[in-house]
1. Excluding ligands and nucleic acids, what accessible area in Å² is computed for V86 using a 1.4 Å probe, to the nearest 10?
2. At 0.36 nm per residue, minus the direct Cα-Cα distance, what do E79 and E128 gain on full extension? Give it in nm, one decimal, please.
3. Compute the convex hull volume of the Cα atoms of region 86-191, divide it by the residue count, and report the result per residue in Å³ as a whole number.
4. Distance in nm between label sites at A195 and K36, each 7 Å beyond Cα in the beta-carbon direction?
5. Under a plain spin-label model, where a point goes 7 Å from the Cα along Cα-to-Cβ, how far apart in nm are M116 and E29?
6. With n ≥ 4 as the cut-off for DSSP H runs, can you work out [θ] at 222 nm for the chain, using -39500 (n - 2.57) per run divided by the number of residues, rounded to the nearest 500?
7. Might you tell me the accessible area per residue for the chain, computed with a 1.4 Å probe and given in Å²?
8. In whole Hz and in residue order, list the ³J(HN,Hα) couplings for region 9-24 that follow from phi through the Karplus curve 6.51 cos²θ - 1.76 cosθ + 1.60, θ = phi - 60°; x for Gly and Pro.
Amino acid sequence: MAKVKIYGPVQSRAARVLWCARECGIEFEHLGTDSKALKADPDFARINPNGKVPAMVDGDLALFESMAINLYLAHKYGEALWPATVEDEARVYQWSFWGMTEVEKSLLTIVIDMFMTPPDKKNPQAVEGAKAALAAPLKVLNDALKGKQYLLGDNFTIADLNLAAIMAWAKLAKIDMTGNGDAANWLDRCLSRPAFRGK
Ligand SMILES: N[C@@H](CCC(=O)N[C@@H](CS)C(=O)NCC(=O)O)C(=O)O
């Protein structure tokens, strides 16, 4: 059977798909590490007409959107990552979509300003706004993790992977997690997994 193909450099959201593939223990090909060349490749436009990464091909299936790819990989290949009940599947979708809609944009605003914006273009007001916007969702996450190792209970699942992959930017952004210790410990627990670190 042909290997799963994963497109996108490790510095992009492809990192979360690579993490998922490693957790699943599947053999995969990592392609498109040069974003510029990938964008100019008409074959890639057929895989992701948005011209963005990550993208994935598994047999006849071509997919874009990092969360969709990870949900697919975990369901198909990640026995230990995928929950046993429909209710827990719903919780997986909840935390994955919540991460994308409630957390990702604010974290990205801060990370882009810190690392990719020239000094004369920096926007401290936008950064302060993004930090303020994160306060409520971080408390929600912290409360959800009280007394729990992972989002769904005792086991690391794709819910943790998808959300921790987004929350990893909180480390880069040096977000103060004082007062959200349960979330901070959970994040450290998730990011200490060998598969996150590329092993
Ligand atoms: N919602 C998409 C976002 C994809 C995305 O914006 N990818 C960035 C890299 S992390 C990209 O390809 N940017 C290049 C561009 O916008 O031209 C996902 O999660 O896959």
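1. 110 Å²
2. My answer for the length gained is 13.6 nm.
3. 89 Å³
4. Placing both labels 7 Å beyond Cα along the Cβ direction yields 3.4 nm.
5. It is 2.7 nm.
6. Using -39500 (n - 2.57) per qualifying helix, the result is -17000 deg cm²/dmol.
7. Result: 53 Å² per residue.
8. Going residue by residue, I get x, 5, 7, 10, 5, 4, 4, 6, 6, 5, 4, 4, 4, 5, 4, 6 Hz, with x marking Gly and Pro.
The values are calculated or read from the model by the stated rules, or taken from the named source; none is laboratory data. What you see is a predicted model; the values in this text were computed from it and never measured. A quick note on method: Cβ atoms are made from the backbone with ideal geometry, for glycine too, and the neighbour counts reach across all protein chains shown. To get the accessible areas, we keep the full protein, side chains included, count just its heavy atoms, and leave off ligands, DNA and RNA. Shrake-Rupley method; radii C 1.70, N 1.55, O 1.52, S 1.80 Å.
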